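Notes follow once the structure below has been shown.
The values are calculated or read from the model by the stated rules, or taken from the named source; none is laboratory data. If you're wondering where the values come from, they're calculated on a predicted model, not measured in any experiment. Virtual Cβ from ideal backbone geometry, glycine too; neighbours counted across all protein chains shown.
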Amino acid sequence: MVDPFSYTRQGQAWHYPGWLVEVPMYGIYQATGPAGLNLWTAAMTTLSFWFIWRTMRGGIFVKAFTLLLAVIVSNLYWAARPYMVTFLFTSVYLFILESFRRMQVAGRARDLLWLPLLMLIWVNSHGGFAVGFILVGIYAAGEIISLLDRSILHRQGLSVRDFRRAGSYVAIGALMLFAASLNPSGVEMLTYPFKTISIGALREYIQEWQSPDFHSSAAQPFLWLLLLFIGIIGASPVRLDFTDFLLMAAFLSMALTAWRNVALFALIAPIIIAPRLAPLAQALGERFGFRGVDEQPKSSLAGIYWFLLLVVIFIAGINIYAQCLPQRNWTVFRRTLPVQAAAYLRAHNFPGRLFNSYNWGGYLLWDLPQYPVFIDGRTDLYDDEMIDQWLKVVKAEPGWESILDQWGVRLILLETDAPVMRHLNEVGWRLLYEDGLSVIYSR
């Protein structure tokens, strides 16, 4: 596949693993508009946490409290993006791997065969498929370290079943590698995650790839979860085994390195916290005479539960209908997107290439396809070379004019507060349009 959307990378090979989810997402948009994509995001999120709930151990209140905090932590990253496939499949992988770890019968290793099948979908849906390999690697390493601990430090005998369990992870990892190679780009796709994280501009300028800022209110729920995580591990009588430690260390490191990984840490944390919080909550309950609650509701309350469920469905239906109204969607778009500026360019059809905002690139190639973009959010395609050039122009750094000359740019569409805006009038550019959100200049 080659890029058809930009003039800076037009015709260049573009290997992107999102086609399998983006095609149905486009179908949902065509049928229902943005509201349908929001509903898709809600369904993916709900299903993800359903798997985490099934994976967690502990009383219902402990599980509910821990899961609710994890939901709050991860909600900043819920969006109609292929990333939601990684969010869901991470929870499914955890469910399968945790179930296998707790099983005492080695023959149930066949349950792990779901992982290569899921990888076949994952690798064709989002570049986060590398998380699947990280998870399997962690569980394999945890099993092997546990065997060494029992054999060398505690001098316990090991059975064939013990080695078979460790071998199951290795065999499944090999099958996953084969499955990950079954995509339009072949084995080359295996390098995609490494190429993406090696782009320096991601870490320098794009917020979701930067470390969380704990001074911001948005990071506070993550900080609460992290403190709870540390406190429960220190106070609980339940020992932190090798696999749990590796999970915690790997995904906490990822979360502290990049904002986007906080959501994945929010999936891991409840699984480790809940079983260690449970004995502390039980001791506290006994201290105050709390006997707990039945997992199964009483039949006499079934009617009330069904009534409340119908009320929720009714309210949700009204909200979904309201979100489907086109005028409401465009009202929301106008707050953050250059809707009116794009309409102005479309109406006047000015000739020449357009230099555009990075944040608006995706919107422009959708709403204004007659103007190929200079850049958009596909950082894996543009790499540091084009991102650095774009930044040099926006910041009006030395050499910015020569970059516009090099690419034959005749139109500029940027945010009103872009630093380069203070210099355009001085070097022969003419203001065409301004609306408080966006500005258009021409040579």
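Odds and ends about this structure:
- Ala278 assigned by TED's automatic domain parsing to the domain that holds Phe245, in a helix (DSSP H, G or I) and modelled with pLDDT of 80 or more: yes
- Ala201 vs. criteria in contact with a helix residue (DSSP H, G or I) (Cβ under 7 Å, 6 or more places away or on another chain) and either of a type outside the set (A, V, I, L, M) or under 25 Å from Glu143 (Cα atoms) (or both): no
- Filter result (without any contact (Cβ under 8 Å) to a residue 12 or more places away in the chain and part of a strand (DSSP E or B)) within region 406-443: Leu431
- Pair list, Cβ < 9 Å and 6+ apart or interchain, from region 64-76 residues that are under 17 Å from Leu227 (Cβ atoms) and not assigned by TED's automatic domain parsing to the domain that holds Leu277 to residues that are part of a helix (DSSP H, G or I) and aliphatic (A, V, I, L, M): none
Okay, residues lined up against (1) modelled with pLDDT under 90; (2) closer than 30 Å to Ile144 by Cβ:
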residue	(1), (2)
Phe222	no, no
Leu225	no, yes
Trp259	no, no
Ala266	no, yes
Phe288	yes, no
Ser299	yes, no
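- Across region 16-33, the number of residues qualifying as touching a residue at least 40 places away in the same chain (Cβ under 8 Å) and under 19 Å from the mean Cα position of the chain (by Cα) comes to 8.
- Qualifying residue in region 28-44 (condition: under 19 Å from Ser185 (Cβ atoms) and not hydrophobic (A, V, I, L, M, F, W, C)): no
- Residues satisfying the stated conditions in region 345-366, i.e. surrounded by fewer than 17 Cβ atoms within 10 Å (Cβ to Cβ) and in a helix (DSSP H, G or I): Arg346, Ala347, His348, Gly362, Trp366
- Residue in region 232-240 that is within 16 Å of Phe61 (Cα to Cα) and modelled with pLDDT under 95 present: yes
- Just one of the listed residues (Arg422, Arg378) is over 22 Å from Phe333 (Cβ atoms), at pLDDT below 95 and not assigned by TED's automatic domain parsing to the domain that holds Gln207, namely Arg422.
- Applying the criterion of being among the polar types (S, T, N, Q) and closer than 30 Å to Arg353 by Cβ to the residues of region 1-43, the residue that is surrounded by the most Cβ atoms within 10 Å (Cβ to Cβ) is Ser6.
- Given (1) within 24 Å of Gly11 (Cα to Cα); (2) in a helix (DSSP H, G or I), number of the condition Ile375 does not satisfy: (2)
- Complete set of residues in region 198-242 that are closer than 28 Å to Trp390 by Cα, buried (at least 16 other Cβ atoms within 10 Å of the Cβ) and without any contact (Cβ under 8 Å) to a residue 60 or more places away in the chain: Trp209, Pro212
- Residue within region 126-137 that is at pLDDT 90 or above, assigned to a loop (DSSP other than H, G, I, E, B) and surrounded by 21 or more Cβ atoms within 10 Å (Cβ to Cβ) present: yes
- The number of residues in region 72-107 that are within 24 Å of Val238 (Cα to Cα) and either crowded, with 20+ Cβ neighbours inside 10 Å or in contact with a helix residue (DSSP H, G or I) (Cβ under 7 Å, 6 or more places away or on another chain) (or both) comes to 10.
- Contact annotation: residue pairs with Cβ atoms under 8 Å, 6 or more positions apart or on different chains, pairing a residue in region 315-340 that is assigned to a helix (DSSP H, G or I) with a partner that is surrounded by 12 or more Cβ atoms within 10 Å (Cβ to Cβ) and modelled with pLDDT under 75, are Asn329/Gln323.
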